[in-house]
Structure formats: C-alpha cells, structure tokens
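Each remark here refers to the structure printed beneath this line.
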Amino acid sequence: MACSLVTGMKNECRPIQVNNVMYRYYPKTYKAYPNSVDWIPKYQRENFNHSSTQRHDYKPYGNAKPDTFIRRAALARNNGLNKQQIFFHHGKKYNDNMISYYDQVYNKRDLEHIPTNRRWDLKRIAWLPEKSDVPIYGNATKFGLLEKKKEQWKKEVEEENRGIYSSETMTSFAELPKNSLITKHQVTPKHISSRMHPHHLNKDLALRSLPIINPVPQIDSYKFTLYRQFGKVYHE
C-alpha cells in the first residue's frame, strides 16, 4: 500500500489496520487517517412525502362548484366582449352599411335615399332626420386595394414557404418563362451592312483612322472599282 507524504514531514507514513480498516499513521503526529469512509454503507435512502406551504395554504375542496358570476366576470375581463355584443347588438341591420361619408360627399353614392329637407323637432331640439338615422346600404367603393393586398400577401406566403435551404441566387434570379427565349435572329446582308462593308474593314491601313460612314448608301445601283495607288482610294 502506497502512502503520500505530508508537507513538512520527513518520515513516511505507515499503514496500520484497525477493525478491518486501513489507516495511514504518521509517527511524529500520532494521527491516523482512514482510507475509506465507513458511514456511506450505513445510510439508507428512503422516499418521504414532504408537505409544502402551498399544500397547507390551499387545501383542495372536491365538492365545491365554480361560481358562474365570478367566471363570467373573469372571462370578460381577460378576453373582452365578443363581436356579437359589439357589432350585432342591433341584429343584422348594419351588415350592408358599407358606404362611408367620403363616398356620400365626394362620390355621391346613393344620396337619393336621404331626404333633402329636414325639419326642426321641438321635443328633441334637433334637425331631423340626421344621416345616422337614415343609413345608406350598399357595397363599399372598390379601387383595387383589396386585390393588390391579396397579391402582396400571396407573395409573402410563398416567400415564407420557400424553406431554409433557398439560396440568394434562387430568390434573386427567378426562372423565366420559355416563351421569353429568343430563337429567331436577323442579320443584315453583307452587301448593305455598314460593318461588313469593304471600305470599313480594319485591314485597310489607309482607312483605319477615318470615321465610319453610317448608314452606307445602297451599292446595288453603283459599281465600285477600287484602286490602291499611293495609299488613296478612287471610285469610278
């Protein structure tokens, strides 16, 4: 059995055995330290159902019934009133009342339903009837906002459903339709082309620095004979 040295002690420890337990004994200090802990096997783990403060404070009452008034008040406080109680307290009277005052004033929507003359009511002390007393029924004026927003929402949903594996190239460069590919190409004939004209070829050193004549006149009705003499060109 190997023993570790203690700081400041020259003598090595001596192992001794007492009651089947090995001890490290230092001669100068006369202290013995056990190599194993003997109280671990004696501890027995057991399951205890300890109580809590909440179990003492809030005792269960199984036969109690919920108070309907308190539950209704809590539901209204948390969720608020539903749309039936806010918008439909007069039934379906205002379902088709979609024409706004802007449509009435600027677009002159269905003004024939409103009486032109009003009378003074002595009991209510007001001019009757008012606009709110005679609601105008009809669909709202559409100027394309709903269709535009639906198209925008559709594109946003498509962008969200692309997935996390879509790259920047896939989103930036969309696939074009097949009919956008140009398969027919037209080329100007050589005898009327301004680029393929023999006067404008880069091989001629005398005409290299001269400007290109564009457009070139029709040469079918002319006969050109080129003579190179001393770096000059003559036409006949």
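Derivation of every value follows stated rules applied to the coordinates shown; laboratory data play no part. Quantities reported herein were computed from a predicted structural model and do not represent experimental measurements. FYI the Cβ positions are ideal-geometry reconstructions off the backbone, even for glycines, and counts take in every protein chain you see.
A compact table of results
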item: Mean Cβ neighbour count within 10 Å, used as a protection proxy, ranking 67-80, 50-63 highest first; result: 67-80, 50-63
item: Gain on full stretching of the segment that runs from LEU176 to THR53 - 0.36 nm per residue minus C-alpha separation; result: 37.3 nm
item: Amide proton proximity set for ILE99, modelled H, under 5 Å, gap of 5+; result: GLY138
item: Segment ASN78-ARG119, length gained on full extension (0.36 nm per residue, minus Cα span); result: 10.1 nm
item: Gain on full stretching of the segment that runs from TYR137 to ALA64 - 0.36 nm per residue minus C-alpha separation; result: 21.1 nm
item: Zone residues, segment 122-141, relative to ASP110, backbone N less than 20 Å from point 7 Å out along Cα-to-Cβ; result: 129-141
item: Rounded FRET efficiency, nearest 0.05, which uses the C-beta distance separating ALA126 from ASP96 and R0 of 41 Å; result: 0.95
item: Relative compactness, segment 67-146, computed as alpha-carbon Rg over 2.2 N^0.38 Å; result: 1.63
item: Trypsin sites (Lys or Arg not before Pro) restricted to segment 114-157 and DSSP loop, no more than 11 other C-beta within 10 Å; result: LYS123, ARG124, LYS131, LYS142
item: VAL187/SER166 FRET efficiency (R0 41 Å; Cβ-Cβ; nearest 0.05); result: 0.50
